[in-house]
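Since the structure comes first, as C-alpha cells, the remarks are kept for the end.
Every read-out reported here was derived from the displayed coordinates using simple, explicitly stated rules and does not represent laboratory data. These numbers were taken from a predicted model, which means no experiment stands behind them. Cβ placement follows ideal geometry from the backbone for every residue including glycine, while neighbour counts extend to all protein chains displayed.
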Amino acid sequence: MLGLVLGIAAALVSAVHHRAHAQGVANLAALAGAVEWAYLGTSEPCARAGEVVAKNGGVLTDCALHGMSVQVTVAIKNNALNRAAIATARAGPREPH
C-alpha cells in the first residue's frame with residue numbers, strides 16, 4: 001500500500017515539475033520570438049522561438065503572430081507519465097487602446 005501511495009506521489013510531483021518547466025520554456029520562447037519580431041524586425045520569430053524551445057528540451061507545437069505579439073505552444077515530454085506537459089505563452093509590446 002505504501003508503495004502505491006509513494007508511486008502516485010512521485011507521479012504527481014513529476015507532472016507538476018514538467019508543467020512548470022513547460023511554462024517557463026513557453027514564456028522564454030514567446031519573449032525570444034517577440035524580440036525578433038517587434039524589436040529587431042526580423043521575419044522569422046517562430047524560428048527563433050523554436051530554437052529556444054529545442055535548446056530547453058521541448059518541442060514547439062504551435063507559433064502564431066498576433067499584431068506585434070508572438071504566441072507559442074510548447075510540449076515537454078514527461079517520461080514518468082509517458083505524456084507531454086503542454087504550455088502556451090504570449091509576449092510582445094503592449095497593444096494600443
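Relative to the longest principal axis of the Cα atoms of the chain, helix 45-55 runs at roughly 30 degrees. Label separation (MET1 vs ALA15): 2.3 nm, computed from points 7 Å beyond Cα along the C-beta direction.
Counting only the Cα atoms, the chain fills a convex hull of 85 Å³ per residue. Under 5 Å between amide hydrogens, built in the peptide plane, is the criterion, and for GLY58 it picks out nothing among residues at least 5 positions away or on other chains. Charged side chains reduced to their Cβ positions (Lys and Arg at +1, Asp and Glu at -1) give region 2-91 a dipole of some 260 debye around its Cα centre. 3J(HN,Hα) couplings calculated from phi for region 85-94 with the Karplus curve 6.51 cos²θ - 1.76 cosθ + 1.60 (θ = phi - 60°) are, in sequence order, 8, 10, 9, 10, 9, 9, 9, x, x, 4 Hz; Gly and Pro show x. Mean separation of Cα pairs under 8 Å and 6 or more residues apart, divided by the residue count, gives region 2-91 a relative contact order of 32 percent.
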